[in-house]
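Okay, structure first, notes after.
The values are calculated or read from the model by the stated rules, or taken from the named source; none is laboratory data. If you're wondering where the values come from, they're calculated on a predicted model, not measured in any experiment. Because the Cβ atoms are built from the backbone with ideal geometry, glycine has one as well, and the counts that use them run over all protein chains shown. Calculation scope for accessible area: heavy atoms of the full protein, side chains included, ligands and nucleic acids excluded. Shrake-Rupley method; radii C 1.70, N 1.55, O 1.52, S 1.80 Å.
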Amino acid sequence: MNLVESVPRTGINTAWLRVISFILLLLLWAISAFFAQSRVLPDPWAVAIVFYDHLINGSLLFDLGITLCRVIAAFVLAMVTGTVIGILMGLRKRLDILLDGWLILFLNIPALVTIILCYVWFGLTEVAAITAVSLNKIPNVVVTLREGTRAVDRDLLQVAQVFRVGHRKTFFKFFLPQLYPYIMIAARSGIALIWKIVLVVELLGRSNGIGFQLSVFFQLFDIASILAYTLAFVIVMIAVELAFIGPIDRYATRWRK
Amino acid sequence: MSSAALDIRIDRKAYPTSSGGDVRVAIKNLKLSVSDGEFLCIVGPSGCGKTTLLNIVAGIDGDASGAVIPKTGQTLDSIRVSYMFQTPRLLPWMTVRENVRVVLDETTAANGRAEQLLERMELADSFNEFPNRLSSGMQRRVSLARAFATEPQLLLLDEPFVSLDQPVGNILRQLLLELWQTRPTTIIFVTHDLREAIYLSDRIVFLSRGPSQVILEKSVDLARPREIEDPAIDRFRHKLLSQHESLLHGMATPQSDIRNENDGTA
């Protein structure tokens, strides 16, 4: 197998394929709903109507906003903390050995346990909710950034040293840009993980947001609303990827051939 | 003070071997001095510790015993040092222009010195290119522009043209000489190519095989400007090699052969 030839060329054809794939999914859903004829599997059209109703008359936008704020807060907190710890562990051998055990411990604590403990110890507060979400993501960021720091090209740092550009410039112009690919990897997988955990946190201990509403709909057995809310959030997260993460990534790696 | 004069004395520099335990001594009892504005070439067999020597002078190898002392009473830290490495070592995420500006402070960068030097290197059309898209000859030019941009008092070059083909390398050698003549600086240039050393330098210092020591110093008394194809360079080379047969293998006169062997067994 020739790997070079196997890597696909992008073109209009691939865009069409994506549209077709999406339509196929809708079709599959509609057909299943038609044969099931059940309240627990509404068809796409019913969900669209409920979605519109929540958007205009309900609190969908408000809940979406609240959840999005929590996602952003937890994301920023996790990325900053994880990046700082990851870089330090990558640079300092002793610190790495000291914290490595903790890291493995935190990587293996189930999300649910962190959430319950945060609520029990810090109360059912906003701070506890955001801390719980961040704690689930931080170990991942640490591992990725530690790997990135270890892979930093020392030859380029020597250039900074010889030309005596100073600590600030060495860090921001010579060191940090080498970590961008790793930061992007952590950010991409971070967003996906965080928004899923935020919903669980809201379900367990908040009185607003998408996660809270989903628990209400669950108790009412309102499947159409659950699907409508899910759809809304997925759309928002795809928009975030397309509008922010994609362009930032392309800008940061524009120098590649 | 436009350039620097140095006394270099390295008592011992050793690397741990990969098998562990034992160490490999790269440099031992090496003494060398370079005067103000001089173009000094260091020639030695590959693996004899030439790069290590430059790294020690540049201050990026702090693990050697010895001293590098400026003759003018300055401290080594106050001398502006530039280094052109064996590979261009450009930052791939920065454009050509940014790569030169990044080593300058804000006021010098604002004066347009980076742009001036790049134009001198005939890179005016490539200011906003990324290094990955340049040929290796062009990358060396950017690296050379960067090295001169800080107006160094001491410029270190580590076989900078070694992987280039002859014509491209010769253009760069000529550029280096032109820059050195318009912006005087002390140069230490490491190479294993004797012709290159004769063409470029005022004085050549020959090093032995590791642990390296100075085995011969030779002034190059050819008039400047020199032509690369000048037969005088070949005559100089021939004469030198007929006097010291194994010079390029790290051995000079019979006396220093003996001295060398003694050290080799240590």
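To make sure I understand the rule: partners must be lysines, Cα under 25 Å from the Cα of B:Lys28, and not fewer than 8 residues away in the same chain. Which ones qualify? Those lysines meeting the cut-off are B:Lys13, B:Lys50, B:Lys71, B:Lys218.
Of B:Glu229, B:Glu159, B:Glu151, B:Glu119, the order by accessible heavy-atom surface (1.4 Å probe, DNA, RNA and ligands excluded), from most exposed downward, is B:Glu229, B:Glu119, B:Glu151, B:Glu159. Each listed q (0.10 Å⁻¹) maps to a log10 I(q)/I(0) for segment A:54-256, found by the Debye formula over equal Cα scatterers with no solvent: -0.52.
Relative to the present Cα-Cα distance, how much length would full extension add between A:Leu107 and A:Phe122 at 0.36 nm per residue of separation?
Values: separation 15, 0.36 × 15 = 5.40 nm, distance 2.14 nm.
Separation in residues times 0.36 nm, less the Cα-Cα distance, equals 3.3 nm.
Report the gain in length on full extension from A:Glu147 to A:Ala252: 0.36 nm times residue separation, minus Cα-Cα distance, nm rounded to one decimal. Present the calculation step by step, with values, prior to reporting the outcome.
Working: separation 105, 0.36 × 105 = 37.80 nm, distance 1.90 nm.
Roughly 35.9 nm would be gained on extension.
Annotation for A:Arg18 and A:Leu88: the two label points, set 7 Å from Cα along the Cα-Cβ direction, are 4.0 nm apart.
Given the protein assembly as shown, report the % of alpha carbon pairs whose separation exceeds 29 Å. Percent of Cα pairs beyond 29 Å in the protein assembly as shown: 66. Evaluating 6.51 cos²θ - 1.76 cosθ + 1.60 at θ = phi - 60° for every residue in segment B:159-170, the Karplus couplings come out as 6, x, 10, 5, 8, 8, 6, 3, x, 5, x, 5 Hz, glycine and proline recorded as x.
Separation of segment A:61-128 and segment B:179-233, taken as the distance between their Cα centroids, equals 60 angstrom. Normalising the Debye intensity of chain B to I(0), with uniform scatterers on Cα atoms only, and taking log10 at q = 0.09, 0.15 Å⁻¹ returns -0.43, -1.15.
Can you order the peptides A:196-202, B:195-201 by their average number of other Cβ atoms within 10 Å per residue, highest first? Numbers along the way, then the final one.
On the way: A:196-202: 23.3, B:195-201: 21.7.
Going from most to least packed, we get A:196-202, B:195-201.
Counts of other chain beta carbons within 10 angstrom of each beta carbon in peptide A:161-170 average 5.
When the surface is traced with a 1.4 Å probe over the full set of protein chains, B:Val25 keeps roughly 40 Å² accessible. With a 1.4 Å probe rolled over the protein heavy atoms of all chains, the accessible area of B:His249, A:His54, B:His238 falls in the order B:His238, B:His249, A:His54, largest first. Beyond 25 Å, the tail of the calculated P(r) for segment A:134-245 holds 46 percent of the Cα pairs. Modelled this way, with points 7 Å down the Cα-to-C-beta line, the labels at B:Lys71 and B:Gln174 are 3.2 nm from one another.
Going through segment B:1-71, which trypsin sites (Lys or Arg not before Pro) have at most 16 other Cβ atoms within 10 Å and a DSSP loop state? Please list the in-between numbers first.
On the way: sites: B:Arg9, B:Arg12, B:Lys13, B:Arg24, B:Lys28, B:Lys31, B:Lys50, B:Lys71; in loops: B:Lys71.
Passing both the DSSP loop test and the Cβ count: B:Lys71.
Across segment A:72-201, the relative contact order, built from alpha-carbon pairs under 8 Å that are at least six residues apart, equals 36 percent.
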